[in-house]
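Step one of this worksheet: look at the structure below.
The values are calculated or read from the model by the stated rules, or taken from the named source; none is laboratory data. Predicted model only: the values in this text are computed from it and were never measured. Cβ atoms come from the backbone with ideal geometry, glycine included; neighbour counts cover every protein chain shown.
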Amino acid sequence: MSRDIAKISWPTSAASRRWMPSFASAIVLTLAFSAYASYVKAEEFPERPVQMIVSVGAGGSTDTLMRALVQYAAPLLGQPIVIINRPGASGMIGVAQVKQAKPDGYTIGGTWSGPLTMAPHVNMPDYKPGDYTIVAMVSEAPGVLCVSKGFPANNGRELLDELRRNPDKYTYGADGIGGFVQFATERVFAAAHVKARMIPFSGADQTVTAFLSGTISIYGGAIMSVLPYVQQGTAKCLLVTAASRYSVLPNVDSLSDVGLADTQTLLWRAVIAPAGVPADRLAKLKEVFSKAAQDPEFQKIALVRGEQPWTVDTANIDKYVRDEYATMGTLADALKLTTLN
């Protein structure tokens, strides 16, 4: 471009030189505008669809909620968001693929707390907390402990008293070794000085089946999986793993009711991105997904599934995740789960 300008035949007469400044200024302004337009175009984000790696199979709870979320996020982002399912290893395969992705904002992840703060203490993953960043917290929900209608306890305190009187007599079902249910339940049991034997299952459906057949004494897991049987009167829920009572089961004791509020463990779902995404792109992703998660229509979908909007101040999200990671590491050591590494 500079060579082309140099080849221009500039006017030499006095009359012609009077319009030279205007002519030169016009050229400079044109070049500046072209450069600025090119810069703006280069900085536009996103210019193509964004892919979200979901760390469970299609139809899982996290998958269902993330698919609902992107319906509200995509219009705000201005591009489609394509779901790619990468299940396996308690969600760690999907998170590892997010970590390995180019940090340009075009690959993000949809996951839950387990692969981020719990499973890494049991099976050595291909990532560490500094390899990803939280884009947005989507929802939260406690676990619940339920028993059959003939069980000799009718509230949380009576449940803990019965377990204390009969250490290791009772069994509870959980979503695998090192999963959310085991961590959340053992955290409460350790503080209450009670013991029950954990029986691992591949998911909530198998846990419910074993519970209803009497194979295990206590159901541990998501509220919605057991709620129909509570409504039928074949099961009674006695304690949630939250410090406050939960709207779906308002008559069930919380950890505050049994004096153990500081042992709260929630299952939360989040959108993550690989570390190193440019600040402006990360800011846009955070804005878009935070707005989508706060959309009243999306929150209705979450509530139907037994989950509620994230309640921790967004400014404290990183600290919350770091603290939970450390707490679960200490608990894994106490349970001797880290020997699996």
Looking at the stretch 199-314, what strands (runs of 3 or more DSSP E) fall wholly within it and have at least 1 residues that are modelled with pLDDT of 95 or more and not assigned by TED's automatic domain parsing to the domain that holds Gln182? 266-274
Which of the residues spanning the stretch 200-216 are over 20 Å from Trp268 (Cβ atoms) and either out of contact with any helix residue (DSSP H, G or I) (no Cβ under 9 Å at 6 or more places or on another chain) or surrounded by fewer than 21 Cβ atoms within 10 Å (Cβ to Cβ) (or both)? Pro200, Ser202, Asp205, Gln206, Thr209, Ala210, Leu212, Ser213, Gly214, Thr215
Of the conditions (1) farther than 22 Å from Pro309 by Cβ; (2) touching a residue at least 24 places away in the same chain (Cβ under 8 Å), Pro228 satisfies every one except a single condition; which number is it? (2)
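Which residue is surrounded by the most Cβ atoms within 10 Å (Cβ to Cβ), if the candidates are limited to the stretch 101-139 and must be among the charged types (D, E, K, R) and assigned to a loop (DSSP other than H, G, I, E, B)? Give the steps one after another, and end with the answer.
Of the stretch 101-139, the ones among the charged types (D, E, K, R) are 102, 104, 126, 128, 131.
Subsequent filtering for residues that are assigned to a loop (DSSP other than H, G, I, E, B) retains 102, 104, 126, 128.
Working: Lys102: 10, Asp104: 15, Asp126: 13, Lys128: 11.
Looking at the filtered set, the residue picked out is Asp104.
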Considering only residues that are farther than 23 Å from Gln232 by Cα and surrounded by 13 or more Cβ atoms within 10 Å (Cβ to Cβ), look in the stretch 150-166 and name the one that is farthest from the chain's Cα centre (by Cα). Asn166
So which pairs qualify, if the first residue must be in the stretch 74-103 and under 11 Å from Val50 (Cβ atoms), the second must be in a helix (DSSP H, G or I) and modelled with pLDDT under 95, the Cβ gap must be under 8 Å, and the two must be at least 6 apart or on different chains? Ile83/Asp63
Among the residues of the stretch 90-149 satisfying the criterion of being acidic (Asp, Glu) and over 27 Å from Val240 (Cβ atoms), which is farthest from the chain's Cα centre (by Cα)? Asp104
Which one of these does Ala326 not meet: (1) within 21 Å of Ala96 (Cα to Cα); (2) crowded, with 17+ Cβ neighbours inside 10 Å; (3) of a type in the set (Gly, Ala, Ser)? (2)
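Which residues, taken from the stretch 264-295, are of a type in the set (S, T, N, Q) and buried (at least 20 other Cβ atoms within 10 Å of the Cβ)? Reasoning before the result, please.
Filtering the stretch 264-295 down to residues of a type in the set (S, T, N, Q) leaves 264-265, 290, 294.
Result: Thr265, single match.
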Could you identify the single residue in Asp295, Asp333, Asp318 that is among the charged types (D, E, K, R) and under 16 Å from the mean Cα position of the chain (by Cα)? Asp318
Go through Ala73, Ala96 for me and flag whichever is buried (at least 23 other Cβ atoms within 10 Å of the Cβ) and part of a helix (DSSP H, G or I). Ala73
